[in-house]
Amino acid sequence: MKKRLIFGILGRFMIIEAVLMLLPAVVSLIYKEYNSMNSFFVSALISALFGTVLHIQKPEKGDFYAKEGLMTIGLLWVMWSLIGALPFYISREIPKYIDCFFETASGFTTTGATILTDIEALSKGMLFWRAFTHWVGGMGVLVFVMAIIPVAGNNSIHLMRAEVPGPAVSKLVPKGMRNAKILYGIYFGLCVIEFIMLVLGGMPVYDSIIHTFSTAGTGGFSCKNASIAAYNSAYLQWVIIAFMFLFSLNFNLYYYMIIRKFSAIAKDSEWKIFTAVVIAATIGITVSIYNLYSTAEEAIRTAAFQVVSVISTTGFITANYDIWNGFSKTIIIILMFIGACAGSTGGGLKISRIEIMAKTASKTLRSLVRPNSVSNIKIDGKTIDDETVRTTNGYFILYMALFAISVILVSVNSLTLEESISSVATCINNVGPGLGVVGPIGNFSSLSFFSKLVLSIDMLLGRLEIFPLLLILLPSVWRRKFI
């Protein structure tokens, strides 16, 4: 295994993280928050020194392959979260390091779960960094860096496959760096449009930047304790609903729009299923909570906001759905698991993966009725190969096993069954708020050190879709040379 190559590339990423910390340092300077500004400078220095030590180990030449890509991505996200937590800790705005790590992992993985009891007590610079981690982590740390500089030569697609969410990654164009630039061009364009619409709706410029970062990354960190409900604006809520939905779709669709390949969009079943689920869930919850609101528009808007917020795994809040009836809360939990589309900034199982598993189950049932029949699993007219089906099934088995183990581990924290299940579900699916004490008006501050650590790992497992993080935990991998 090319350990020196892996560490060398990790070093480059540490230096990039140091550079990124200078942006919130500037924000702190603008608002004359010198304590937070200094904490960013010190953290950047630590990250840069650490990165330099790793980077000098990089050999002159080397190729990356799938397994090495998985390991690099797994290590990268853990290291970025560990180093990214330093500004919170050094400034003492979050006194405990485990809380800093939890908040940063939640940021980079775009989960949006928080340990903060008073969000508005944080400095402007820290709130900016907190939301900025969403923006960088949303499209992917690797994709962000590759849009600026080449990372692993011609084999960079192996790194992209390890990081971009979903059961498969299709290349828009042959070269990985060109891919990254296209994706981030689309990402940035949508962000600019949302920012302008939020400002036009009366949201302050600083707040608009924060919420654009959080919406784009489908993360959900707000600069207000009451989240989006603090603005009490129907217009702003509808704008954010629209953009949470847009950022939940596969970014390939936007590329096809740009090149006017509308036939590919028409054939794509994933966005159609996603839209159908959103509409059905919104109707179901609207009917269920209709008597709680004074107008039909308010009931529809509230239901639509929470449905899109949860299925997109953004986690913004406009209503305390913890007080809704059992039917509505059940739908919310189910949406946490479904998640967004593959190739989006959202989390969860992904629509495409669920579609593959559903068609696999259908094929199995048909084979019981007609044992001699031969049929293939097809999506959008394309046959899904057996390797993709096996990987999808294997992923789901690992996902459910880790989910069950995490629920058992977290349950020792004296949480109710509902709270234990929802806390793990919201973290491993990168949603944000759960139910009960970790619900929409609660937070994760009361949990023990051990539970916060478990849930932080769950957030990383969910964002990286299990395999990269599990791979670096296997001792045999570090002793074996593989390609």
Checklist entry - Listed highest first by mean packing, meaning other Cβ atoms within 10 Å per residue, what order do 341-348, 310-317, 408-415 come in? => result 310-317, 341-348, 408-415
Checklist outcome for this item: Given pairs Lys181/Lys272; Lys272/Lys350; Lys261/Lys359 and cut-off 22 Å on Cα-Cα distance, the over-length ones are Lys181/Lys272; Lys261/Lys359
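In a shell of Cβ-Cβ distance under 12 Å around Ser222, excluding Ser222 itself, what net charge do Lys and Arg (+1) and Asp and Glu (-1) give? Write down the numbers at each step before the final one.
On the way: positive: Arg130, Lys224; negative: Glu120, Asp207.
With Lys, Arg at +1 and Asp, Glu at -1, the neighbours total 0.
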Next on the checklist: Can you list residues from other chains, or at least 5 along the same chain, whose modelled amide H is less than 5 Å from the amide H of Ile379?
Outcome noted: Ile384
Checklist outcome for this item: Residue-ordered couplings for segment 86-100, obtained by feeding phi - 60° into the Karplus form 6.51 cos²θ - 1.76 cosθ + 1.60 and rounding to whole Hz (Gly and Pro as x), are 4, x, 4, 6, 5, 6, 6, 6, 10, x, 8, 5, 4, 5, 5
Item to check | Karplus 3J(HN,Hα) series, Hz, for segment 381-398 with 6.51 cos²θ - 1.76 cosθ + 1.60 (x for Gly, Pro) | outcome: x, 9, 6, 8, 5, 4, 5, 5, 5, 5, 5, 5, 5, x, 4, 5, 4, 5
Item to check | Label-point gap, in nm, between Ser446 and Arg370 - each point 7 angstrom along Cα→Cβ | outcome: 5.7 nm
Checklist entry - Per-residue ellipticity at 222 nm for the chain, helices alone: DSSP H runs ≥ 4 residues times -39500 (n - 2.57), over residue total, nearest 500 deg cm²/dmol? => result -21000 deg cm²/dmol
Checklist outcome for this item: Scoring the chain by relative contact order with C-alpha pairs under 8 Å, at least six apart, yields a percentage of 19 percent
Checklist outcome for this item: Ordered by fewest other Cβ atoms within 10 Å, a rough proxy for footprinting exposure, Ile209, Ile283, Ile9 read Ile283, Ile209, Ile9
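Ranked from highest to lowest mean number of other Cβ atoms within 10 Å per residue, what is the order of the peptides 98-108, 31-41?
Details: 98-108: 26.3, 31-41: 18.9.
So the peptides 98-108, 31-41, ranked by packing, come out 98-108, 31-41.
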Next on the checklist: Checking the cross-link filter: which aspartates and glutamates have an alpha carbon closer than 15 Å to that of Lys452, excluding same-chain neighbours under 8 positions apart?
Outcome noted: Asp99, Glu103, Glu419
Next on the checklist: Using each residue's phi in segment 26-39, evaluate 6.51 cos²θ - 1.76 cosθ + 1.60 at θ = phi - 60° and report the 3J(HN,Hα) Karplus result to the nearest Hz, with x for Gly and Pro.
Outcome noted: 5, 4, 4, 5, 4, 8, 6, 9, 6, 5, 5, 4, 5, 5
Next on the checklist: With an 8 Å Cα cut-off and a minimum separation of 6 or more residues, compute the relative contact order for segment 383-476 in percent.
Outcome noted: 25 percent
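Would you mind ranking Arg12, Arg92 so that the residue whose beta carbon has the fewest other beta carbons within 10 Å leads the list?
Working: Arg12 17, Arg92 10.
So the ranking, lowest neighbour count to highest, is Arg92, Arg12.
May I ask you to derive the relative contact order of segment 282-376, considering only C-alpha pairs under 8 Å and at least 6 residues apart, and to give it as an integer percent? Numbers along the way, then the final one.
Values: 92 pairs, mean separation 19.0, N = 95.
It rounds to 20 percent for segment 282-376.
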Next on the checklist: Tell me which chymotrypsin sites (Phe, Trp or Tyr not before Pro) from segment 377-483 have a DSSP coil assignment and no more than 16 other beta carbons within 10 Å of their own.
Outcome noted: Phe482
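Loop only per DSSP, at most 15 neighbouring Cβ atoms within 10 Å: give me the trypsin sites (Lys or Arg not before Pro) in segment 256-304, ordered by residue number. The partial results should precede the final answer.
Values: sites: Arg260, Lys261, Lys267, Lys272, Arg301; in loops: Arg260, Lys261.
Answer by residue number: Arg260, Lys261.
Each value in this text was obtained by applying a stated rule to the coordinates, not by laboratory testing. A quick note: this is a predicted structure, and the numbers were derived from the prediction, not measured. Glycine gets a Cβ as well: all are built from the backbone with ideal geometry, and neighbour counts include every protein chain shown.
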